[in-house]
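The values are calculated or read from the model by the stated rules, or taken from the named source; none is laboratory data. Keep in mind that what you see is a predicted model, and the values were worked out from it rather than measured. Methodologically, a virtual Cβ is constructed for each residue, glycine included, from the backbone with ideal geometry; neighbour enumeration extends over all protein chains shown. Please note that ligands, DNA and RNA were not included when accessible areas were found on the heavy atoms of the full protein model with its side chains. Shrake-Rupley method; radii C 1.70, N 1.55, O 1.52, S 1.80 Å.
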Amino acid sequence: MRVAKLNMVQAINLALHEEMERDPDVIVMGEDVGVDGGVFRVTEGLLNKFGSERVIDTPLAESGIVGTAIGMAVYGLKPVAEIQFEGFSYMTIDQLAAHASRIRNRSRGTYHCPMVIRSPYGGGVRALEHHSEAVATFYIHIPGMKVVIPSSPYDAKGLLISAIRDPDPVFFFEPKRLYRAFREEVPEGEYTVPLGEGKKLTEGDDVTLISWGAMARVCLEALKLVKDVSVELIDLCTLSPLDDKIITESVRKTGRAVIVHEEPRTLGLGAEIIARINEKAFLYLEAPVKRVTGYDVPVPLPKLEDYYLPDAERVADAIKEVATF
Amino acid sequence: MPRKKILELSVDWLSILDPEGNVDESLEPDLDKGTLEKIYRTMVLTRLFDDKALKLQRQGRMYTFGASLGQEATTVGSAFALNPDDWFFPAFREQGAQIARGIPIKLLYIYWMGSEDAYIGMPLRNFTIAIPVSTQILHAVGAAWAAKIKKEKIASIVYFGDGATSEGDFHEGMNFAGVFKTPTVFICQNNQYAISLPRERQTASKTLAQKALAYGFEGIQVDGNDALAVYSATKAALEKARSGGGPTLIECFTYRLGAHTTSDDPTKYRQMVEVEEWKKKDPIKRFQLYLAKKGIWSQDYEDKLIKELTAEIEKAVEEAEAYKPGVENIFKYVYAEMPSNLKEQMDELLAYISKKTEG
Ligand SMILES: Cc1ncc(C[n+]2csc(CCOP(=O)(O)OP(=O)(O)O)c2C)c(N)n1
Ligand SMILES: [Mg+2]
């Protein structure tokens, strides 16, 4: 298998190429995904290779994109629909919450809806309003939806392939701040990273640090600031369904946990993780679980954006606080 | 029981000023010299504003920005038809209309330099920029509807692009406006592209104007590079709206001469020859020729104007760059009264900042 050093854009692009090659039912649709190759160039080259019936520049309508993708999925295609920016995914919630996520259950398994919605998300790129938000919480809250966020090029490819092959609707959020942030070795050809499983980025005994997406990288940076604490960093990879096992086992071992997310604090996934820790590891805890999160405010425009986003120092402070409680 | 035609609908095209600045006198609006000069001045200022913004962005002094190069007649011509007490709902490419509405350009720069504080002290009835395409259309319909309910002779105007006509919000807004006969003027800036998607791929309709007919009101297509045509059509639509005649859709047929935004590379999806063709129809050049024929414009006039406007822009940029928003503003405006969780979070952040600056 050939291995190349790729950034996340290239890794996702490669996954799309390979999956479209492998399965003629996979189609890509969205705003500017064809001729333009996507505003982040994630779908570059697909139109030339697979033609305009499988790589579709749609009219400007998010509900239209996702609603028609549902019909395609039910019929037997595997649509991979792009929502250009996370802040425009709100318009898809109706179709996802009212239909995509329920079709299997509503029809008692007679129909199902195997589709992927891809969208960049998150801050740190100095963008316009609605272009810097972390919105996964909305979709995690929809029963029947899966929600996936990679934090590296390797995982991005492997998770996207799994998402495309998954029989249920998956919202696949791409941390746009990491699109070109770094490269790593990504094999060509088939491999998958399973949905529903987190992974340990570091092993440790003192504190469990839980994060995903762009914030997983911030956590890695934070580790350099707390060299005297042994931290087990878990990258959840899939936010729904949540990997209880990896969280529980780690917290039972360390007795201390910090959760880091970019989403606003209230009802962010951190809240659910704490509830599950209470249910499954409460008696092992040696300190209250701490959250480092975005605030309960709209993401500020660029001039104040950095104050909103959790950074390595805030994370390191939290680790120290929990470790020395 | 024959089968017969029960409906025939049509859409007019309006143009008053040709690219050489020749005017159709039968259609020429009655504007005094001062107003003509103001329209010209505002179009030139808009272009200089955009040029400067693009330069600042390249130098890393400003963030993503969508210029309106080539669309100045559409934004400025239409906004000049408004009364100050009409309500104005922009999308994100309406700096021409914002400047025409009297919004200080310093505030526009503050916004595009990345601060919501631009709205502090902005003249009223000029609503916030709407980044999500088409969403503002419903707000404009609602505001006009409110004016109608309150029996006030006030209209609303809303701007959006050709791409916006594909969104559900556009259709819902048009339908509500038709059903409730709201005093709304819909200005569609058809600049032929929605990022990379050409107008022909956005809709199978021959015109965008005709979409109004389906909702039971008038749609007209005007030469969007002709400030007089845009002004006249908007003026008539606003008067109709204020006097109970209901909404109008005005499709301004124009062209985006520049990139979609500073993050866009238009060579991926369009040919330079097309851009060159449209440059010949430049809205500012055409107005300039018209003013020259009227004995208003001369090279001296131009030099003086550019000098004056450039100084105005430099001053605005300097003030905008000097502006530093306070961190508390992240929390202060979310609710009328700050809830306890926000207060805690604000204190947490302020403590973190002071620890950082001390340490
Ligand atoms: C709901 C929504 N979807 C996608 C985008 C991303 N986007 C920004 S501008 C744009 C194209 C808009 O085209 P048009 O309405 O013709 O306006 P123009 O940019 O040409 O002025 C797109 C897709 C957005 N801002 N809002
Ligand atoms: Mg357009």
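For the reader, a short list of remarks on this structure follows.
- The set of residues from the range B:52-81 being over 24 Å from residue B:253 (Cβ atoms) and of a type in the set (Asp, Glu) is empty.
- In the range B:264-277, the qualifying residues are those that are surrounded by 11 or more Cβ atoms within 10 Å (Cβ to Cβ) and within 23 Å of residue B:58 (Cβ to Cβ), and the one that is farthest from the other protein chains (Cβ to nearest Cβ) is B:275.
- Scanning the range A:63-87 for residues that are within 14 Å of another protein chain (Cβ to nearest Cβ) and either modelled with pLDDT under 95 or under 12 Å from residue A:118 (Cα atoms) (or both) turns up A:65, A:66, A:82, A:83, A:84, A:85, A:86.
- When the range B:278-297 is filtered for residues that are surrounded by 12 or more Cβ atoms within 10 Å (Cβ to Cβ) and small (Gly, Ala, Ser), only B:292 remains.
- Any pair with Cβ under 7 angstrom, 6 or more apart, that starts in the range B:313-335 at a residue that is within 13 Å of chain A (Cβ to nearest Cβ) and ends at one that is basic (Lys, Arg): B:320/B:106; B:321/B:61; B:325/A:303
- Some residue of the range A:191-213 being of a type in the set (Val, Ile, Thr), in contact (Cβ under 8 Å) with a residue 40 or more places away in the chain and within 14 Å of another protein chain (Cβ to nearest Cβ): no
- Close pairs (8 angstrom Cβ cut-off, 6 or more residues apart or separate chains): within 14 Å of another protein chain (Cβ to nearest Cβ) in the range A:16-32, away from ligand 1 (no atom under 16 Å from the Cβ) anywhere: A:29/A:55; A:29/A:79; A:29/A:80
Per-residue answers, yes or no, for (1) without any contact (Cβ under 8 Å) to a residue 24 or more places away in the chain; (2) surrounded by fewer than 16 Cβ atoms within 10 Å (Cβ to Cβ); (3) outside the structural domain of residue B:236 (by TED's automatic domain parsing):
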| position | (1), (2), (3) |
| --- | --- |
| B:4 | yes, yes, yes |
| B:17 | no, no, no |
| B:21 | no, no, no |
| B:24 | yes, yes, no |
| B:28 | no, yes, no |
| B:31 | no, no, no |
| B:36 | no, no, no |
| B:39 | no, no, no |
| B:45 | no, no, no |
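- The range B:195-230, residues that are more than 14 Å from chain A (Cβ to nearest Cβ), touching a Lys or Arg at 6+ places or on another chain (Cβ under 9 Å) and either part of a helix (DSSP H, G or I) or within 16 Å of ligand 1 (Cβ to nearest atom) (or both): B:225, B:227
- Any hit, the range A:76-99, residues being out of contact with any Cys (no Cβ under 8 Å at 6 or more places or on another chain), closer than 23 Å to residue B:162 by Cβ and more than 14 Å from ligand 1 (Cβ to nearest atom): no
- Filtered residues of the range A:148-174 (kept if of a type in the set (Val, Ile, Thr) and within 13 Å of the chain's Cα centre (by Cα)): A:148, A:149, A:170
- Test: residue in the range B:137-144 that is crowded, with 24+ Cβ neighbours inside 10 Å, within 16 Å of ligand 2 (Cβ to nearest atom) and more than 19 Å from residue B:78 (Cα to Cα): no
- Within the range B:348-359, residues that are at the interface with another protein chain (Cβ under 7 Å from one of its Cβ atoms) have Cβ atoms under 8 Å from residues that are part of a loop (DSSP other than H, G, I, E, B) and surrounded by 10 or more Cβ atoms within 10 Å (Cβ to Cβ) in these pairs: B:349/A:295; B:349/B:327, counting only partners at least 6 apart in sequence or on another chain.
- Qualifying positions in the range A:301-325 - of a type in the set (Phe, Trp, Tyr) and either buried (at least 17 other Cβ atoms within 10 Å of the Cβ) or under 27 Å from residue B:324 (Cβ atoms) (or both): A:307, A:308
- Residue in the range A:287-300 that is free of Cβ contacts under 8 Å to residues at least 60 places away in the same chain, within 14 Å of residue A:319 (Cβ to Cβ), open to solvent by 40 Å² or more (accessible area, probe 1.4 Å) and away from chain B (no Cβ under 14 Å) present: yes
- The residue pairs whose first member lies in the range A:36-64 and is in contact (Cβ under 8 Å) with a residue 60 or more places away in the chain, whose second member is open to solvent by 50 Å² or more (accessible area, probe 1.4 Å), and whose beta carbons are closer than 6 Å, counting only pairs six or more residues apart or on different chains, do not exist in this structure.
- Residue match in the range B:89-98 (condition: more than 25 Å from residue B:186 (Cβ to Cβ) and basic (Lys, Arg)): no
- Some residue of the range B:153-161 being open to solvent by 10 Å² or more (accessible area, probe 1.4 Å) and within 30 Å of residue A:304 (Cα to Cα): yes
- Filtered residues of the range B:175-194 (kept if crowded, with 23+ Cβ neighbours inside 10 Å and either more than 12 Å from ligand 2 (Cβ to nearest atom) or not in a strand (DSSP E or B) (or both)): B:177, B:182, B:183, B:184, B:185, B:186, B:187, B:191
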